[in-house]
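The values are calculated or read from the model by the stated rules, or taken from the named source; none is laboratory data. This structure is a prediction, so every number in the text was calculated from the model and none was measured. FYI the Cβ positions are ideal-geometry reconstructions off the backbone, even for glycines, and counts take in every protein chain you see.
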Amino acid sequence: MADLHTSKVKKVLVVDDSAFMRKLITDFLNDHPNMKVIGTARNGKDAIEKVKKLQPDVVTLDIEMPIMNGLDALKEIMKTTPVPVVILSSTTKEGTKNTMLAMEYGAVDLIAKPGGAISLNLHDVKDEIIEKVLAAADVPLFKLTKLDRTDDSTRHATESRKQLQTNRPPIQLTTTEQRGLPAKKDTNEIFTKMHKTIVLIGTSTGGPRALQEVLTRLPANFQAPILIVQHMPPSFTKSLADRLDGLCAIRVKEAADGEALTNGTAYIAPGGKHLNVRKLGTSYFAHVGDEEPPRLGHRPSVDVLFESAAKLTDINCVAVVMTGMGSDGKNGMERLKEYGRTVAIAESQETSVVYGMPKAIVDAGLADEVVDVHDISNAILERVHF
């Protein structure tokens, strides 16, 4: 991953209430020649003061801490002294829920502590910590702004909001010519009305906020199922799905093995398992499993999802690749494009938190359209409502 980063040494602040964890994380990061831990903090209040004083390039932040937790600290940091933040969180129910909120508040990425709050086996994710902290340090500050979001009390109002949004007109896109992007392909030349349309989305670093941006703009009567691979550890994907379901007009859920795919529902691949789309008779189903090994280090994998759809030559596919490190999705997109009824949409460099996965699609000449994240929903709607 060295090509993603400049040679400048990145200054890191490590925040965790455990002295053992602070020492372990510090040792991991200091082992890398492009990083130096310039300070540590034991709680959220301490973190806010150290960010102001030390001005780090990136912060690793625990969520569950005394005096002031990581979530409250993150909100204050993003308001007063914005800096890229990588969350290190336990996989407790409360921990995963708060981590999803942290992603909305501007955290760049997350890492699951494999052994809970104090992980004796943190070495298992050493490489992941180094890679994600390095990548986060290069994220421009203007991409860290918090999304507008509905208050946490909205769960009880979900159904009424879904009804209100059903007929909401989509936000208008500027033309591709005005924005200097590739000319759109005429969907009618690619898709056929006799075939089912399915939307596929792949994303990684920065993906939770990108998904919120896209999915909250789709109406409840959206006429296709949506299958999503978000690189994320087990248990966090369930919290992500629940959070998005409370904010969206469409239904959002973690995919279950064998369930039928229905229009107006988004299915998020469970962490640690691949998501495939399969056909039985005239219906389409989700297949979720861990029998296949990770691809490019990922399970779930965007390539695996895309390749499964490529085997179904009687569907129309809208395939979207958004922000994320690496090139997961490129090989699968090549397979999808082989049979012709696929429109490929890549998120633009301007709005990608990390311009890796969409860049791989664009550089390979696979993208039919390159779109800012806030316009992706309309790009999808243009292909589904035809």
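When ASP290 is tested against (1) within 26 Å of SER235 (Cα to Cα); (2) surrounded by 18 or more Cβ atoms within 10 Å (Cβ to Cβ), only condition (2) is not met.
Any idea which residue in the stretch 6-59 is surrounded by the fewest Cβ atoms within 10 Å (Cβ to Cβ), counting only those that are polar (S, T, N, Q) and more than 17 Å from VAL133 (Cα to Cα)? Going through the qualifying residues, I end up with SER18.
Would you point out which residue out of VAL343, VAL371 is over 27 Å from VAL83 (Cα atoms) and assigned by TED's automatic domain parsing to the domain that holds ILE201? Break it down stepwise before answering.
Numbers: VAL371 fails: over 27 Å from VAL83 (Cα atoms).
The match here is VAL343.
Residues in the stretch 16-70 that are farther than 22 Å from ASP138 by Cα and part of a helix (DSSP H, G or I): 10 in all.
Annotation: of all residues in the stretch 352-386 being in a loop (DSSP other than H, G, I, E, B) and aliphatic (A, V, I, L, M), the one that is surrounded by the fewest Cβ atoms within 10 Å (Cβ to Cβ) is ALA364.
Residues of the stretch 88-101 include none that is within 19 Å of the chain's Cα centre (by Cα), within 23 Å of THR323 (Cα to Cα) and modelled with pLDDT of 95 or more.
Once the stretch 334-351 is narrowed to residues that are in contact with a strand residue (DSSP E or B) (Cβ under 8 Å, 6 or more places away or on another chain), assigned to a loop (DSSP other than H, G, I, E, B) and touching a residue at least 60 places away in the same chain (Cβ under 8 Å), the residue that is surrounded by the most Cβ atoms within 10 Å (Cβ to Cβ) is SER348.
Each row is one residue, and each column tells you yes or no for (1) surrounded by fewer than 19 Cβ atoms within 10 Å (Cβ to Cβ); (2) in contact (Cβ under 8 Å) with a residue 40 or more places away in the chain.
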{"position": "GLY258", "(1), (2)": "yes, no"}
{"position": "ASN263", "(1), (2)": "yes, yes"}
{"position": "LYS273", "(1), (2)": "no, no"}
{"position": "ASN276", "(1), (2)": "no, no"}
{"position": "GLY281", "(1), (2)": "yes, no"}
{"position": "TYR284", "(1), (2)": "no, yes"}
{"position": "PRO294", "(1), (2)": "yes, no"}
{"position": "LYS311", "(1), (2)": "yes, no"}
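Close contacts from the stretch 54-71, counting a first residue that is touching a residue at least 40 places away in the same chain (Cβ under 8 Å) and a second that is assigned to a strand (DSSP E or B) and of a type in the set (Asp, Glu), with Cβ to Cβ under 8 Å and a gap of 6+ residues or different chains, come to GLY70/ASP62.
Say whether the condition of being modelled with pLDDT under 95, within 16 Å of the chain's Cα centre (by Cα) and in a helix (DSSP H, G or I) is met by at least one residue in the stretch 223-237.
Here is the first cut: in the stretch 223-237, the ones modelled with pLDDT under 95 are 223, 232-236.
Next, only the ones that are within 16 Å of the chain's Cα centre (by Cα) stay: 232-236.
Then keep just the ones that are in a helix (DSSP H, G or I); that gives 236.
Yes, the stretch 223-237 contains at least one residue that is modelled with pLDDT under 95, within 16 Å of the chain's Cα centre (by Cα) and in a helix (DSSP H, G or I).
Out of the residues in the stretch 115-149 meeting the condition of being at pLDDT below 70 and in contact with a Lys or Arg (Cβ under 6 Å, 6 or more places away or on another chain), tell me which one is farthest from MET78 (Cα to Cα). Top of the filtered list is SER119. Being outside any loop (DSSP other than H, G, I, E, B) and either touching a helix residue (DSSP H, G or I) at 6+ places or on another chain (Cβ under 7 Å) or surrounded by fewer than 18 Cβ atoms within 10 Å (Cβ to Cβ) (or both): is that true of LEU110 here? Answer is yes for this residue.
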